[in-house]
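What follows is one structure encoded as structure tokens, with my remarks underneath.
The values are calculated or read from the model by the stated rules, or taken from the named source; none is laboratory data. Note that the structure is a prediction, hence the values are computed from the model and not measured. Reconstructed Cβ throughout: ideal geometry from the backbone, glycine too, with neighbour counts over all protein chains shown. Each accessible area value is taken on the protein alone, full model and side chains, heavy atoms only, with ligands, DNA and RNA left out. Shrake-Rupley method; radii C 1.70, N 1.55, O 1.52, S 1.80 Å.
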Amino acid sequence: MTLNYAANDDDSWLDDVAVERLEMVLEQSEDDWTRLEEEHEHVSGPAAAEYRRRTAGAAAFLGRTVRAQASVSRLLAQTDTDIHHGEAMTCVHRAETAACRKEKLLLGLPADDGPDESLCRSTCVNLAYTDRDIAEHRTRLPVLMAEARDPMTPRPRRDRAAAQADQILAVIEQHETSRPRAAHTKGGQAA
């Protein structure tokens, strides 16, 4: 006995998925804007300026009543910032410059429209680092450093952990040195 759901079932649930995606995009955009503008979250990395630009553009959304599925799709296309928060990094996705997309094409795989964190490269120009990402790096760093120093860990794993720790330290240092300095001065003296 075979079942053929594709032709017989109601696919209206896809409309619900699109609405849920729109709500998720709007909530993420609002959270990013709040952290950036109200909490003064610092953003660094090659895509930091684009992150700020896209976040500011999404903040202009005032809300709309959506009555048709076509409106959901159109509104999603207009409001999606294409910013993806990953594990200790943020992708401000542009397909043309995405290292993960280039990697997929080199491997002969189909290149999707979105990022692929499993193929992310630290040299990608789409990367930005928020204070949230740096906090994750700070949590991971001691674990890597301990693994790199552990004589019971096999040499290849120690070497890999040391290389990852060095890379994380470089990201943290770049993030902190790019942080704007407080310019509150009185008569040439820091306040």
Out of Ala58, Ala47, Ala18, sole residue that is within 18 Å of Cys91 (Cβ to Cβ), at pLDDT below 80 and either surrounded by 11 or more Cβ atoms within 10 Å (Cβ to Cβ) or β-branched (Val, Ile, Thr) (or both):
Ala58
Are there any pairs, at least 6 apart or on different chains, whose C-beta atoms fall under 6 Å, with the first in the range 37-58 and on the phi > 0 side of the Ramachandran plot and assigned to a loop (DSSP other than H, G, I, E, B) and the second at pLDDT 90 or above and open to solvent by less than 70 Å² (accessible area, probe 1.4 Å), and if so, which?
Gly45/Leu127; Gly45/Ala128; Gly45/Tyr129
